[in-house]
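Below is one structure; the comments refer to it alone.
All of the numbers you see were taken from the coordinates with simple rules; none came from a lab. On a predicted model such as this, the values are computed, not experimentally measured, just so you know. As a convention, Cβ positions derive from the backbone with ideal geometry for all residues, glycine included, and neighbour counts pool all protein chains shown.
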Amino acid sequence: MNDILIQNIGELILPKKTDRPLKGNELDELNIIKNGTVVVKDSKIVYAGEYDDSFEATEVIDATNQVVSPGLVDAHTHLVFGGSREHEMALKQQGVSYLDILKQGGGILSTVESTRNATEEELYNKSKKEVIRMIQFGTTTVEAKSGYGLDKETELKQLNVQHQLAQDTPIRMKHTFLGPHAVPKDAKDNASFLQEMIDLLDDVKDKADFADIFCETGVFTIDESRRYMQAAKEKGLKVKIHADEIDPLGGLGLAIEEGAISADHLVASSEKDKKALNSSNTVAVLLPGTTFYLGKDQYADARGMLDNNGAIAIATDFNPGSCVTDNLQLVMSIAALKLKLTPNEIWNAVTVNAAKAIDVEAGTIEVGDQADVVVWDIPNHEYLPYHYGVNHAQTVIINGKKVYQ
Ligand code: NIG
Ligand code: FE
């Protein structure tokens, strides 16, 4: 007897399993089966394909007129933080820029203060609510970054909370150390603070899969970012970078040179750097929800990156300042409207390619895969980005268990 049988599936979305991210035109290819069947047993997929009535299971889900896809992978979030920053909304309305708020000691630095002041238990309880919400929205794997401590004690506190959440909740999690996320007010200078964060790599390397840095005007330069990435790689960590979010410093080019697993944001990346994606497997993780929330008109050039045969993924960037949503479905709609991506490209960008950006086996439904599956109450796969701002997830299965309905 199998555990779960999903039958009569209106559209079964089967992204292609590959050993590298999908690039360029490949992103628009998506295998969609009408009237499909999925069978789950002991946490694994045992069948996924054309309609087949030969299976029996303890639980049968009838997905007539519905869509079934792999669980969504959110490849970029700042999950654990203290406090909130709703007062910045008024500043934004008055035209104060994101970097100016940071320069005045607000923004990331105000969240640093709240996170330092919060106990591990407070952070745990607050972030657990977000994780539950993510699952309800269909996210089954999430990447979570530290970066609101900027000191050893608080960075470790954040990473410990992440690991506790990964243990206590069904979501699958990857962990990123983002010590160089901002420069604290009391730091002597940027270079000496960066060195402190490099020295911290030894303390965090067993709790993190990746090391990340915010390469931006007034934060860390290209040279500083290179120094950090090289030091992190020496400690055995894969590297990521917040690159070209606001100013075109060349972070994408650096990421490609350093073999980063992903380069994230890339709103202001140069033509030269975008061309370099052609010969690279670094995933461009685009965060259009952030551009929307910062009230900017210029979005990342997703189409140009695909024309250059680049690999792209889409993520929320959930954080308390520049994108306060954990709903990846909403960001899929923004990707359609503002990045001009097709529905096929969007589904691949939040499943297989997002999984590649965080080095996790996820984003596909094939025999032997861990069963992370979502049943969507929508008539076809194009419908999700179209009907925006609501939750279309009807049933969420992680590791073979129904965790939301
Ligand atoms: O990815 N830009 C840097 N880091 C985050 C924002 C963090 C914050 O504002 O608290 C981002 O947008
Ligand atoms: Fe971010």
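Treating only the Cα positions of region 272-390 as identical point scatterers, give the base-10 log of I(q)/I(0) from the Debye formula at each q in 0.17 Å⁻¹.
Once normalised to I(0) and log-transformed, intensities are -0.90.
Collect residues whose amide H, placed 1.01 Å from N in the peptide plane, falls under 5 Å from the amide H of Tyr404; neighbours closer than 5 in sequence don't count.
Sorted by chain and number, the residues that satisfy this are Val396.
Anything over 19 Å Cα to Cα? Flag those among Lys207/Lys233; Lys157/Lys402; Lys207/Lys402; Lys205/Lys233; Lys157/Lys207, in the order listed.
Lys157/Lys402; Lys207/Lys402
In nm, to one decimal, how far is the modelled label at Asp247 from the one at Lys272, with both set 7 Å along Cα→Cβ?
About 1.8 nm separates the two model spin labels.
Given a Förster radius of 25 Å and the C-beta distance between Asp203 and Gln136 as r, what FRET efficiency does 1/(1 + (r/R0)^6) yield to the nearest 0.05?
Values: r = 34 Å, r/R0 = 1.37.
For Asp203 and Gln136, the calculated efficiency is 0.15.
Nearest 10 degrees is fine. How inclined is helix 108-117 to the longest principal axis of the chain, computing both from alpha carbons?
On a 0 to 90 degree scale, this one is about 80.
If amide hydrogens are placed 1.01 Å from N in the peptide plane, which non-local residues have theirs closer than 5 Å to the one on Thr316?
Result for Thr316 returns Ala75, His76.
If you stretched the chain out fully between Arg20 and Leu99, how much longer would it get, using 0.36 nm times the residue separation minus the C-alpha to C-alpha distance?
Working: separation 79, 0.36 × 79 = 28.44 nm, distance 3.51 nm.
Gain in length upon complete extension: 24.9 nm.
Under the rule a/c < 1.5 gives rounded, and otherwise a/b versus b/c splits prolate from oblate, where does region 361-401 land using the Cα gyration tensor?
Since a/c reaches 1.5 and a/b is larger than b/c, the shape of region 361-401 is classed as prolate.
How much length would be gained if the chain were fully extended between Asp52 and Met1, taking 0.36 nm per residue of separation minus their Cα-Cα distance, in nm to one decimal?
Contour length minus Cα-Cα distance gives 16.8 nm.
Enter the per residue convex hull volume of the chain, computed from alpha-carbon coordinates, in Å³ rounded to the nearest integer.
It comes to 120 Å³ per residue, whole-number rounded.
State the antiparallel share, in %, of DSSP beta bridges confined to the chain, rounding to the nearest 5. Don't skip to the answer; put the middle values down first.
Values: 26 of 61 bridges.
Roughly 45 percent of the DSSP beta bridges within the chain come out antiparallel.
Angle, helix 120-136 long axis vs. longest principal axis of the chain, Cα atoms, 0 to 90°, nearest 10?
Taking Cα atoms only, the helix is inclined about 40 degrees.
In terms of the Cα gyration tensor, with a ≥ b ≥ c the square roots of its eigenvalues, is region 4-51 rounded because a/c is under 1.5, prolate because a/b exceeds b/c, or oblate?
oblate
Long-range amide H contacts for Ile261: which residues qualify at under 5 Å (H placed 1.01 Å from N, peptide plane, sequence gap of 5 or more or a different chain)?
Val239
Please check: in the Gaussian network model of the chain (C-alpha springs, under 10 Å), which one of Gln298, Gln94, Gln104 has the largest mean-square fluctuation.
Greatest mean-square fluctuation among the candidates belongs to Gln94.
Helix 190-204 versus the longest principal axis of the chain: what angle, 0 to 90°, nearest 10, using Cα atoms?
Computed tilt is about 40 degrees.
Using a 10 angstrom cutoff on alpha carbons, build the Gaussian network for the chain and name the most mobile of Val73, Val46, Val390.
Val390
Using the Cα atoms of region 169-279 to build a convex hull, what is its mean projected area in square nanometres?
Details: hull surface 32.0 nm².
Averaged projected area of region 169-279's Cα convex hull equals 8.0 nm².
Can you tell which of Gly253, Gly363, Gly83 shows the greatest fluctuation in a Gaussian network model of the chain with Cα springs below 10 Å?
Comparing Gly253, Gly363, Gly83 in the GNM, the peak value goes to Gly83.
Which of the lysines could be linked to Lys338 by a straight reach, that is with a Cα gap under 19 Å, when you skip same-chain ones fewer than 8 residues away?
Lys338 reaches Lys274, Lys296.
If each DSSP helix of 4+ residues adds -39,500 (n - 2.57) and the sum is divided by the residues in the chain, what number results at 222 nm, nearest 500 deg cm²/dmol? Write down the numbers at each step before the final one.
Values: 15 runs with 137 residues, N = 405.
Helix contribution divided over all residues of the chain: -9500 deg cm²/dmol.
Stick to the Cα atoms of region 130-228, pair each with every other, and give me the Kirkwood hydrodynamic radius in Å at one decimal.
One decimal place: 14.2 Å for the Kirkwood radius.
Would you compute, for the Cα atoms of region 66-194, the largest minus smallest coordinate along each principal axis and list the three values in descending order, in whole Å?
Projected onto its principal axes, the Cα set of region 66-194 covers 52, 35, 25 Å.
In region 186-253, which trypsin sites (Lys or Arg not before Pro) fall in coil by DSSP and have 16 or fewer other Cβ atoms within 10 Å?
Filter output for region 186-253: Lys188, Lys205, Lys207, Lys235.
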